[in-house]
Amino acid sequence: MFDLVVVGSGPAGSRLAARVAEAGLRTLLVEEHDQVGTPVHCTGIVGEEMLHRYAVPEAVCAAHLERFDVLSPAGRRFRLPGVQAWLVDRQGLDRSLASRAVQAGAELLLGTPVEAIRPVAQHLEVAMGERRVSTRLAVLATGAMSTLPQTCGLKPPPAFYQTAQLRAELSGLSGAEVHLGQAITPGSFAYAVPVPGEMPRLGLITRTGAWRAMRGFLDRLEKAGRLGRVAGKATCRRIPMGVSPRSVRGRILAVGDAAGQAKTTTGGGIYFGMMCADLLADTILEARLDGDFCLSRLAGYDRLWKKRFRIELRAGHLVRRLFEHIDDRELEELVGILEEPEVRGLLAREADFDCHLPVLASLLRLPSVRRAAMTLAGRRFPGSFLLALVQRGHSGSARPSWRKTW
């Protein structure tokens, strides 16, 4: 009998397995693929704070990204001041975290898809082909592609977006680029990221039609004379957008993308997933103190992580919905605001790769940004939350941040 079975050896699953195994719980970490970290879908851009918090090995850090350029629909280029991030070897990161879990005492089972998890008396039965494993708790860290959370009775996030990514030669790439335009990805963005010693990564996030959007993005780069050799076909996946209504059902819990714990602005889920894995580990260890994992304490995990991150995730989702309804002319005007000295100064002082809502609230205190936001929010998107955020920025009230509750 295991105390905990963790399904999925990504960053969130491996972090959780390491924490609980280190505390003495008998832990099984199950991965459906034959190797940890494959296949790689994620671009692997993280903030420096995440590297320090989780002591990421230096060998995993591929490059320091000091330049982020925004390209408007008309092709104008604006450099974002103050944004700092790191490109990590995602496969290396996953393997490093899984190795820590094993060193902490967790058992790692590779090449084993989990087909079902069923309650049996006061424990769970995990079905893996012909093999059956008994456990007191199960955590789904399966990412957004798996249907296992839904079959186990956990509620999915309100929306899923699609991503596409490939490698290609791209001339004139001196830093990370963010490409905007309704013709590319309505309400979202495409990107190009240089990778030391390898071909750059090109990708995008869109609500639907990721394959079609990627072809359009490549055509645009080719017409600009920038696109060179393309290596293989694009890989596509989906990412959660918004807060999952339920991440706990009895003895079954979810963490990471499976619970909707991904930034709704950029789609990145590594850091949020690992922080929520820590919250879940704390919850499980506290529940153990009451005997056979008190179910009421386990249920508290759902409230805990949402209290920390709900406002950030909800705001990002609403902003995305707003941007889906503006045309390229309006988008061009918004991007042009980045040239204003007061905007650039604010971004240089307050830009934060991981926590976006505070800087958004600060921007909304600037008259030019506030006027544009009020116009768009009032005419294009009848969202009371976004209007309240605009008014909050105008009133100068305290900036919301998940860091204040961490």
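I need the phi-derived Karplus couplings for the range 25-37: 6.51 cos²θ - 1.76 cosθ + 1.60, θ = phi - 60°, integer Hz, Gly and Pro marked x.
My calculation for the range 25-37 gives 7, 6, 10, 10, 9, 10, 10, 6, 8, 6, 9, 5, x Hz in order.
Taking 0.36 nm per residue of sequence separation and subtracting the Cα-Cα distance, how much length would be gained by fully extending the chain between Arg229 and Val195, in nm to one decimal?
Additional length available on full extension: 10.7 nm.
How high is the FRET efficiency from Val40 to Ala348, r the C-beta distance, R0 41 Å, rounded to 0.05?
0.80
Quick test of the membrane-span-like rule: which DSSP H helices of the chain reach at least 18 Å along their long axis (C-alpha atoms) with mean Kyte hydropathy at least -0.5?
Counting only whole DSSP H runs, the qualifying helices are 270-288, 295-323, 367-380.
Which ³J(HN,Hα) values in Hz, rounded to whole numbers, follow from the phi angles of the range 154-161 under the Karplus curve 6.51 cos²θ - 1.76 cosθ + 1.60, where θ = phi - 60° and Gly and Pro get x?
Listing the rounded values in order: 8, 7, x, x, x, 8, 10, 9 Hz.
In deg cm²/dmol, rounded to 500, what helix-only [θ] at 222 nm does the chain give when every DSSP H run of at least 4 residues adds -39500 (n - 2.57) and the total is split over its residues?
Mean residue ellipticity at 222 nm (helix-derived): -11500 deg cm²/dmol.
Of the residues Arg201, Arg132, Arg344, which exhibits the maximal mean-square fluctuation in a Gaussian network model of the chain defined by a 10 Å Cα contact cut-off?
Arg132
Extending each Cα 7 Å along its Cβ direction at Thr375 and Ser296, get the distance between those two points in nm, one decimal.
For Thr375 paired with Ser296, the spin-label model returns 5.5 nm.
Compare Met50, Met241, Met128 in a GNM of the chain, Cα atoms joined below 10 Å, and give the one with the largest fluctuation.
The residue with the greatest mean-square fluctuation here is Met128.
Name the residues whose placed amide hydrogens come within less than 5 Å of the amide hydrogen of Ile205, ignoring near sequence neighbours (fewer than 5 apart) on the same chain.
Here the answer is Phe189, since their amide H atoms fall under 5 Å of that of Ile205.
Near Lys263, which lysines are there with a Cα under 25 Å away, not counting those fewer than 8 places off in the same chain?
Those lysines meeting the cut-off are Lys155, Lys306, Lys307, Lys404.
Picking from Ser362, Ser296, Ser188, which is most flexible by a Gaussian network model of the chain using Cα springs under 10 Å?
Judging by the Gaussian network model, the answer is Ser296.
Rounded, prolate or oblate: which fits the range 1-152 when a ≥ b ≥ c are the square roots of the eigenvalues of the alpha-carbon gyration tensor, with rounded for a/c under 1.5 and prolate only if a/b beats b/c?
Taking the square roots of the gyration eigenvalues as a ≥ b ≥ c, the range 1-152 is prolate.
Near the amide H of Leu253, under 5 Å away, which other amide H atoms are found, from residues 5 or more places off or on another chain, if H is placed in the peptide plane?
Placed amide hydrogens put Ala138, Val139, Leu140 under 5 Å from Leu253.
Roughly how many percent of the accessible protein surface of the range 236-301 is carbon and sulfur, given a 1.4 Å probe and a whole-percent answer?
So the carbon and sulfur contribution to the accessible surface is 50 percent.
Pop out the ³J(HN,Hα) list for the range 126-136 in order, Karplus 6.51 cos²θ - 1.76 cosθ + 1.60 with θ = phi - 60°, rounded to Hz; leave Gly and Pro as x.
With coefficients 6.51, -1.76 and 1.60, one gets 9, 9, 10, x, 7, 8, 10, 10, 9, 8, 7 Hz.
Compute the length gained on full extension between Arg77 and Gln150: take 0.36 nm times their separation in residues and subtract their Cα-Cα distance, giving the result in nm to one decimal.
Net length gain for the segment: 22.0 nm.
Rounded, prolate or oblate, given the Cα gyration tensor of the range 303-375, with a/c below 1.5 counting as rounded?
Judged from the Cα gyration tensor, the range 303-375 comes out oblate (a/c at least 1.5, b/c at or above a/b).
With the dipole of the chain worked out from charges on the C-beta (+1 for Lys and Arg, -1 for Asp and Glu) around the Cα centre, which of Ser146, His123, Phe309 lies farthest toward the positive end?
Phe309
If a paramagnetic tag sat 7 Å from the Cα of Ser99 along the Cα-Cβ line, which residues of the range 30-66 would have the backbone N under 11 Å from that point?
Residues 57-60 qualify, since their backbone N sits under 11 Å from the label point.
Provide the gained length on full extension for the span Glu286 to Ala23, in nm with one decimal, where the gain is 0.36 nm per separating residue minus the Cα-Cα distance.
93.6 nm
Please give every one of the lysines within straight-line cross-link reach of Lys233, meaning a C-alpha to C-alpha distance under 22 Å, and leave out same-chain neighbours fewer than 8 residues apart.
Lys223
Report in % the part of the accessible area of the range 1-132 that belongs to carbon and sulfur, leaving out ligands and nucleic acids; probe 1.4 Å.
C and S fraction of accessible area: 47 percent.
Over the range 1-150, what relative contact order in percent results from Cα pairs under 8 Å that are six or more residues apart?
35
Which entry is the computed Rg and Dmax of the Cα atoms in Å for this structure: [x] 30.0, 91; [y] 21.6, 66; [z] 20.6, 61?
Recomputing Rg and Dmax of the Cα atoms in Å here picks out [y].
Taking the Cα centre of the chain as the origin, how large is its charge dipole in debye, to the nearest 20, when only Lys and Arg (+1) and Asp and Glu (-1) carry charge on their Cβ atoms?
Dipole about the Cα centre, nearest 20: 1080 debye.
What accessible area per residue comes out for the chain, rounded to a whole number of Å², with a 1.4 Å probe?
Computed with neighbouring chains in place, this is 42 Å² per residue.
In percent, what relative contact order does the chain have, based on Cα pairs under 8 Å that are 6 or more apart in sequence?
Rounded, it is 18 percent for the chain.
The values are calculated or read from the model by the stated rules, or taken from the named source; none is laboratory data. Keep in mind the model is a prediction, meaning the values are calculated, not measured. Neighbour counts run over all protein chains shown; Cβ positions are idealised from the backbone, glycine included. Surface areas here come from the heavy atoms of the whole protein model, side chains and all, with no ligands, DNA or RNA. Shrake-Rupley method; radii C 1.70, N 1.55, O 1.52, S 1.80 Å.
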